[in-house]
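J.: Let me begin by handing over the structure; questions about it come next.
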Amino acid sequence: MSLAYKISSYNRTRKWDLFLKEIAPTERMRTLDVGFSEEEGSSSSNFIEKHYPYPEMLTALGINVPVKFSKRYPKVAAVHYDGGVFPFEDKAFDLCWSNAVIEHVGDRNKQIDFLREIKRVSKRAFITTPNRFFPIEAHTRIPVLHYLPKRIFDKWLALIGKGWATGEYMHLLSLHDLKTLLSSADISEYKIIKNRLAGFTLDFVVIFSCE
């Protein structure tokens with residue numbers, strides 16, 4: 001296993017422990033996972049499905065048709081959607097979990113819409129996203145260049161053969177960006193926890209009330 005995967009696995013386990021401490025899920029809690037993966041590139045993929053103690057109470061939402069996913073997790077209800085409005089009634093869930101998804105949904109307006117949908121369908125949320133200013137960009141493993149404006153960073157990625165990570169693939173967030181998005185989505189009651197690695201903030205966990 002590479003160092004990058006070891007760090008990813010360690011960090012997701014750390015976030016899971018934080019989830020159990022902060023949320024304390026129960027057998028009656030209706031829980032939504034926004035952003036399941038049809039393909040699993042590592043043991044940390046679909047982390048909540050692998051560890052949630054009440055899979056019958058878990059619904060997974062994603063932009064891929066859940067064929068392999070449903071075979072792996074037959075007790076989890078899997079729902080496919082187009083990436084826009086969540087196909088659920090208001091307050092259909094007690095909790096929404098979304099791990100490292102908001103940076104992939106599109107530009108700032110789409111990120112605001114994403115947060116508003118989470119707020120609409122759930123009573124409480126636990127979401128995470130990488131810190132834009134961690135020295136190594138989490139998806140491409142490229143150091144420092146992601147500090148540049150996105151259009152310049154994208155040009156560099158295309159030049160070095162990582163064009164798959166350009167455009168709408170990701171819009172990274174700083175702490176300031178995250179707070180601005182929350183405010184724009186009319187989310188005022190929240191807590192942001194900084195997960196650190198080697199003295200730097202690796203990513204953010206955001207816990208907020210949707211009532």
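J.: Measure nothing fancy, just the Cα-based angle from helix 150-159's long axis to the longest principal axis of the chain, in degrees from 0 to 90, nearest 10.
T.: 70
J.: Once amide H atoms are placed 1.01 Å from N in the peptide plane, what residues at a sequence separation of 5 or more from residue 203, or on another chain, have their amide H within under 5 Å of its amide H?
T.: Amide H to amide H, under 5 Å and 5 or more residues apart or across chains, residue 203 pairs with 131, 195.
J.: Let me ask another. Only bridges whose two residues both fall in the chain count here: according to DSSP, what percent of them are antiparallel, nearest 5? The partial results should precede the final answer.
T.: Working: 16 of 33 bridges.
Percentage antiparallel, nearest 5: 50.
J.: List, in the order given, every pair from 119/155; 123/150; 110/194; 6/110; 21/179; 75/194 whose Cα-Cα distance in the structure shown is over 29 Å.
T.: On the way: 119/155 35 Å; 123/150 34 Å; 110/194 24 Å; 6/110 31 Å; 21/179 23 Å; 75/194 32 Å.
The pairs that break the limit, which is 29 Å between Cα atoms, are 119/155; 123/150; 6/110; 75/194.
J.: Continuing with this model, one more query. Could you state the angle between the C-alpha long axis of helix 175-184 and the longest principal axis of the C-alpha atoms of the chain, as a value from 0 to 90 degrees rounded to the nearest 10?
T.: Roughly 50 degrees between the two axes.
J.: Based only on the alpha carbon positions, what is the Kirkwood hydrodynamic radius of the stretch 1-70, in angstrom?
T.: Values: mean 1/r = 0.0759 Å⁻¹.
With all distinct Cα pairs of the stretch 1-70 included, I get 13.2 Å.
J.: Hey, got the dipole for the chain? About the Cα centre, +1 on K and R Cβ, -1 on D and E Cβ, debye to the nearest 20? Before the final figure, lay out each step's value.
T.: Working: 30 positive and 25 negative charges, 117 e Å.
That gives the chain a dipole magnitude of about 560 debye.
J.: Taking the 0 to 90 degree range and rounding to the nearest ten, how far is the long axis of helix 108-121 tilted relative to the main principal axis of the chain, both from C-alpha atoms?
T.: 20
J.: Which translational diffusion coefficient, to the nearest whole µm²/s, is obtained for the chain from the Stokes-Einstein equation, given a Kirkwood hydrodynamic radius over C-alpha pairs, 20 °C and 1.002 mPa s? Could you put the intermediate results ahead of the total?
T.: Working: Rh = 17.7 Å.
It diffuses with D of about 121 µm²/s by this estimate.
J.: In whole percent, what relative contact order does the stretch 69-200 give with Cα contacts below 8 Å and a gap of six or more residues?
T.: On the way: 138 pairs, mean separation 33.1, N = 132.
Once normalised by length, the contact order is 25 percent.
J.: Find which of 210, 200, 133 sits farthest along the positive direction of the dipole of the chain, computed with +1 on the beta-carbon of Lys and Arg, -1 on that of Asp and Glu, about the Cα centre.
T.: Sorting the options by dipole projection puts first 200.
J.: State the answer as a single residue: which of 29, 67, 143 lies farthest towards the positive end of the charge dipole of the chain, with beta carbon charges of +1 for Lys and Arg and -1 for Asp and Glu, about the Cα centre.
T.: 143
Laboratory data are not the source of any read-out in this text; all were calculated from the coordinates shown. Everything numeric here is computed off the predicted structure, so don't read it as measured data. As a convention, Cβ positions derive from the backbone with ideal geometry for all residues, glycine included, and neighbour counts pool all protein chains shown.
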